[in-house]
Amino acid sequence: MLGSRLNLHLSRRTVAVLGLVVAGPAIFLAGLGIFLTLKVSNAIQNESVRYNTYMALQVGEAFEQELMSELRHAIAPAENAARGGAAADRVVTALREAKDAFLLAPAFVQVDDLTGFSLLIVEGEPLVYAPAASPRGDTYFAGLLLRDARGQVLGAGGWWISPRRFLASHLDPVLQDRLPGNSRLYGGYENIRKLAIQIVGPDGGEVGHVRVAGTARSGHVELLSGPFERYTVRVAPTGTAPVAWATHFVAIGITFIGLLGLAIVLAAVFGLRYAVLQLEIAQMKAGFVSNVTHELKTPIALIRLAVETLQMRRVNTPEEHERFLSTISRETLRLQQLVDNILDFARLEAGQRPFRFENVDLVEVVRTALESIQPRLDHQGFRVELELPDSLPPVRGDSAALVHCVLNLLDNAMKYSKSERVIRLAAGTRIADGEPAEVTIAVADRGIGIAPEDQRRVFEKFVRLETGLVHDVKGAGLGLSLVDQIVRAHEGRVELVSRPGEGSTFTIVLPVARGQEASRPEPRRRTAS
Ligand code: ADP
């Protein structure tokens with residue numbers, strides 16, 4: 001048994017190492033998964049910022065081009081009129097007829113007045129606009145230098161325009177028509193159809209937008225150039241854009257990977273615990289078989305020796321004759337108890353141990369048990385201090401099974417006593433609410449005792465403690481497990497009070513029978529104190 005215990009400890013260590021071998025990589029992989037998820041999400045975010053920057057520039061340029069082409073297109077009749085030498089009012093009429101898309105009245109500025117425009121910019125193309133010192137609030141003058149047929153500058157013709165109103169009315173069609181729909185345009189992850197584009201005016205107020213930005217914080221802001229100074233275009237992913245989705249995915253991914261890692265670790269821990277349990281049971285069973293074999297061999301050898309001696313008529317005196325006969329009887333009883341234990345155990349394990357419940361007097365149970373074990377007690381020099389009342393309230397029970405329990409407790413008391421060969425066997429009642437509620441049978445020895453941390457374990461099947469005596473004393477580790485199971489099947493419990501080196505008291509506590517029809521009870525949990 002010591003060997004198998006040793007093996008067990010070794011195996012536990014091995015199992016712990018195995019656990020680390022499984023759990024370690026699981027934690028590592030989960031960490032790697034989280035790391036990679038963060039990396040991928042970061043890459044998406046970065047790509048998206050790059051792409052948004054690009055898109056913002058595109059949007060700015062698109063608006064400028066839109067404005068230029070509108071102006072160019074609309075101003076052509078006025079230019080023609082000027083070339084033909086028409087008067088200012090005809091130029092204005094031509095401007096008005098050509099286009100009223102700029103919302104404010106068209107104007108013709110005489111060449112003499114042109115200097116009044118503090119910021120008149122002439123580009124390569126003959127387009128002018130005066131963006132800074134606007135005399136009309138947030139409007140700009142946009143138009144064309146008008147020349148006559150000889151190329152002389154007559155003045156400037158154009159419109160006062162409000163970029164805010166122009167953008168608001170043109171934003172959507174410009175985006176839809178001009179921006180590329182090809183998501184691979186810039187090699188980014190973002191899809192143009194899932195971008196939100198917003199134009200913000202100089203005062204920070206929104207001028208217009210196409211689609212609403214999502215929660216991802218990868219929006220990008222660019223200043224529009226040209227006539228749109230101080231106007232900004234903000235490009236951000238929408239809620240359905242891959243980048244917004246990727247941001248949400250990070251949280252989901254990390255949670256998922258974390259849970260997966262946890263599941264692997266838990267599976268490893270529980271799987272290995274189960275393996276240890278099976279290992280323990282297998283080792284206990286192996287120990288059990290060897291213990292039983294040992295226990296069977298000893299009485300069989302003794303019985304055989306006695307029988308052979310008697311057969312050979314080597315016995316001279318009647319006393320010797322009697323001694324051999326009592327050896328046979330004692331050892332037969334021991335054999336019977338062992339076989340009974342094994343059979344009972346097998347039946348209980350299979351749930352096939354039938355109990356015949358009837359009203360039982362525990363005084364009788366104690367007497368029967370004591371009577372049958374008396375020869376062994378006498379032979380080993382035990383003194384029994386018997387404390388039995390005349391009668392006890394009845395319990396519902398199977399008297400043979402209960403005798404079996406008392407026999408097992410007495411057997412243990414004998415096995416685990418050293419020099420002090422005194423056993424106290426007492427039966428009594430416990431009162432609750434002024435009435436006898438429970439009946440008890442206590443078996444107390446002055447033997448080796450049981451350490452507090454082992455007091456629960458001793459009731460488990462196949463468990464034998466590694467005490468000094470266990471190697472000398474035979475046993476299969478079944479006795480207390482049987483007692484416990486049988487007593488629980490009687491709705492009772494087994495209490496244990498023990499101190500190492502001083503002795504142990506096992507007390508069977510059974511409820512007093514109430515009425516004749518006490519039904520077959522369900523097993524209840526044992527308490528060890
Ligand atoms: P066994 O066949 O080994 O006696 P049991 O199930 O009856 O099996 O007991 C389990 C273990 O509990 C024993 O091996 C022993 O270590 C311990 N034990 C049982 N009874 C006593 C007792 N009266 N005093 C000390 N130890 C005991």
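If packing is taken as the mean number of other Cβ atoms within 10 Å per residue, what is the order of 325-337, 156-168, 73-85, highest first?
Packing proxy ranking, top to bottom: 156-168, 73-85, 325-337.
Sorted by packing (mean other beta-carbon atoms within 10 Å per residue), highest first, where do 493-504, 228-239, 269-280 land?
Ranking, from highest mean packing down: 228-239, 493-504, 269-280.
What aspartates and glutamates does Lys415 reach when the alpha-carbon gap must be under 16 Å and sequence neighbours fewer than 8 apart in one chain are set aside?
Correct list for Lys415: Glu295, Glu331, Asp378, Asp445, Glu466, Asp472, Glu502.
Per residue of the stretch 435-444, in order, report the coupling 6.51 cos²θ - 1.76 cosθ + 1.60 (Karplus, θ = phi - 60°) as ³J(HN,Hα) in whole Hz, putting x for Gly and Pro.
Once θ is set to phi - 60°, the couplings for the stretch 435-444 become 10, x, 10, 9, 10, 10, 10, 10, 10, 10 Hz.
Whole-Hz Karplus ³J(HN,Hα) for the stretch 323-333, in order, using 6.51 cos²θ - 1.76 cosθ + 1.60 and θ = phi - 60°, x for Gly and Pro?
Here the 3J(HN,Hα) series is 5, 5, 4, 5, 4, 4, 5, 4, 5, 5, 4 Hz.
With each label point set 7 Å from Cα along the Cα-Cβ vector, what nm distance links Asp390 and Val153?
Label at Asp390, label at Val153, 14.1 nm between them.
Return the long-range amide H neighbours of Gly447 (sequence gap of 5 or more, or a different chain), with a cut-off of under 5 Å between placed amide H atoms.
Gly503, Ser504
Classify the stretch 342-391 from the C-alpha gyration tensor, please: rounded if a/c falls under 1.5, else prolate or oblate depending on whether a/b exceeds b/c.
In terms of gyration-tensor shape, oblate.
Could you list which residues have their amide H under 5 Å from that of Glu491, counting only those 5 or more apart in sequence or on another chain, with H placed in the peptide plane?
Arg524
Which one, Thr368, Ile342, Val265, projects farthest toward the positive side of the charge dipole computed for the stretch 222-377 from Cβ point charges (K/R +1, D/E -1)?
Val265
Taken together, the values in this text are just the output of simple stated rules run on the coordinates, not laboratory data. No experiment lies behind these values; they were computed from the predicted model shown. Quick reminder, even Gly has a Cβ in these numbers, built from the backbone with ideal geometry, and neighbours come from all protein chains shown.
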